[in-house]
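Notes follow once the structure below has been shown.
The values are calculated or read from the model by the stated rules, or taken from the named source; none is laboratory data. Quick caveat, the model's predicted, so the values are computed rather than measured. Note that we place each Cβ from the backbone using ideal geometry, even for glycine, and neighbour counts take in every protein chain shown. Accessible surface areas use protein heavy atoms only, side chains included; no ligands, DNA or RNA. Shrake-Rupley method; radii C 1.70, N 1.55, O 1.52, S 1.80 Å.
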Amino acid sequence: MDAGVFVLGMHRSGTSAVTRLISLLGLHTPPEADLVQPTEKNPKGYWESESLVAFNERLLWAIDCDIGCPVVLEPGWENDARLDRLRADARAVVREIFPVAPWVWKDPRHCLAFAFWRSVLEVKPVVVLVNRNPLEITASALRLRSEQGKIYALALWERYLRQALHQVSGLPVLVTDYSDVLSAPLEWCARAQAFLVGAGVPARQPAGNEVLAFIDTTLRHATFDHGGLLRDPGVSEAQRALFSALNEMEGTHASFSAHPLPEETPTTEALLRERRSAVELRRQLERERRSSWRWRIRSSKYAAPARPIYLGGRRLLKALQGR
């Protein structure tokens, strides 16, 4: 059975850098034409498939799970009948993007959606779970989206990582710290190669010059130590316990089993639920807007060619009125 490597981790946690380094070990990434293009906030590239990102969002939407305010996905959610149509298409969609194994597939949405892929794909899944201090993730996220707020960003991190830990149980997993990737990329690649080979994934030694040329520590805009997180009054006890557990689980696991965790921070669900209500209100307003006759006329295929004539008529009318 072919092996597929899934990279999991919160948005802004270093999953892009990890995926690129794994690809330098000889694993296939999505084809160039399908890659999410680099942006100012991620100039080294995301190494994500646009097609598969869209598919992950579709399957999460199908079960009313918004990536910006996800619900708790209970064990067995991947068998929901609402996913039947997507389940029928899933293998073909992945095969089109990854026709040859071994491959590496990164998407932070895997923290939520991984159980679905684990259930439908005929591959041996191997997981690399990227851990980063949530204060760094929050600082990075707020630099890009200041309206989100620190407490909300921490709640989102907590929900994503707790979901990820539940969904990778029993699999070969490498839990890795983003700091190690940046501080010693060659040594990190050697450990990752040993893990992959041990898990049955063909992996070669990378070219050292390629690794060093890719890693750019200046792109890390915030640094916090563990002590800073423990002292921060904005971080809950449950969030501190989660980060401590992730640090303790760092390393390779032939059959992953998460450490016991306390209950999720009570305010996490309250914050996400409030955001869900706002999202649903926006959806309703959009549905109402799209149902109006003005929107239908503007969206009609006949509207675009008619618009210049309409604007020309308005200009002529104004000219006549001005005489």
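Quick notes
- Scanning region 9-23 for residues that are closer than 14 Å to SER49 by Cα and either in contact with a helix residue (DSSP H, G or I) (Cβ under 7 Å, 6 or more places away or on another chain) or assigned to a loop (DSSP other than H, G, I, E, B) (or both) yields one hit, ARG20.
- Test result for VAL201, modelled with pLDDT of 95 or more and assigned to a loop (DSSP other than H, G, I, E, B): yes
- Of the helices (runs of 4 or more DSSP H) that lie entirely inside region 24-121, those containing 1 or more residues that are touching a Lys or Arg at 6+ places or on another chain (Cβ under 9 Å), of a type outside the set (Asp, Glu) and open to solvent by 40 Å² or more (accessible area, probe 1.4 Å) span 110-120.
- Counted residues, region 230-243 - those being in contact with a helix residue (DSSP H, G or I) (Cβ under 9 Å, 6 or more places away or on another chain) and open to solvent by 30 Å² or more (accessible area, probe 1.4 Å): 2
- Pairing residues of region 47-64 that are farther than 20 Å from ARG118 by Cβ and of a type in the set (Ser, Thr, Tyr) with residues that are open to solvent by 20 Å² or more (accessible area, probe 1.4 Å) and modelled with pLDDT under 95, at Cβ distances under 7 Å and at least 6 apart in sequence or on separate chains, gives no pairs at all.
Residue-by-condition table, conditions (1) assigned to a helix (DSSP H, G or I); (2) surrounded by fewer than 21 Cβ atoms within 10 Å (Cβ to Cβ):
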{"position": "TYR152", "(1), (2)": "yes, no"}
{"position": "TRP157", "(1), (2)": "yes, no"}
{"position": "GLN163", "(1), (2)": "yes, no"}
{"position": "GLY170", "(1), (2)": "no, yes"}
{"position": "THR176", "(1), (2)": "no, no"}
{"position": "SER179", "(1), (2)": "yes, yes"}
{"position": "LEU186", "(1), (2)": "yes, yes"}
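- Those residues of region 264-287 which are more than 21 Å from the chain's Cα centre (by Cα) and either within 22 Å of GLY227 (Cα to Cα) or of a type in the set (Phe, Trp, Tyr) (or both), in sequence order: THR265
- Cβ-Cβ under 8 Å pairs, at least 6 apart or on other chains, region 72-101 side touching a residue at least 12 places away in the same chain (Cβ under 8 Å), far side exposed (fewer than 12 other Cβ atoms within 10 Å of the Cβ) and outside any helix (DSSP H, G or I): ARG91/GLU122
- Selection within region 122-149 - assigned to a strand (DSSP E or B) and either at positive phi or not hydrophobic (A, V, I, L, M, F, W, C) (or both): LYS124, PRO125, ASN131
- Between LEU230, LEU212, LEU186, the distinction of being in contact with a Gly (Cβ under 9 Å, 6 or more places away or on another chain) and free of Cβ contacts under 8 Å to residues at least 40 places away in the same chain belongs to LEU186 only.
- Answer from VAL197, VAL211, VAL130 - the residue that is open to solvent by 20 Å² or more (accessible area, probe 1.4 Å) and among the aliphatic types (A, V, I, L, M): VAL197
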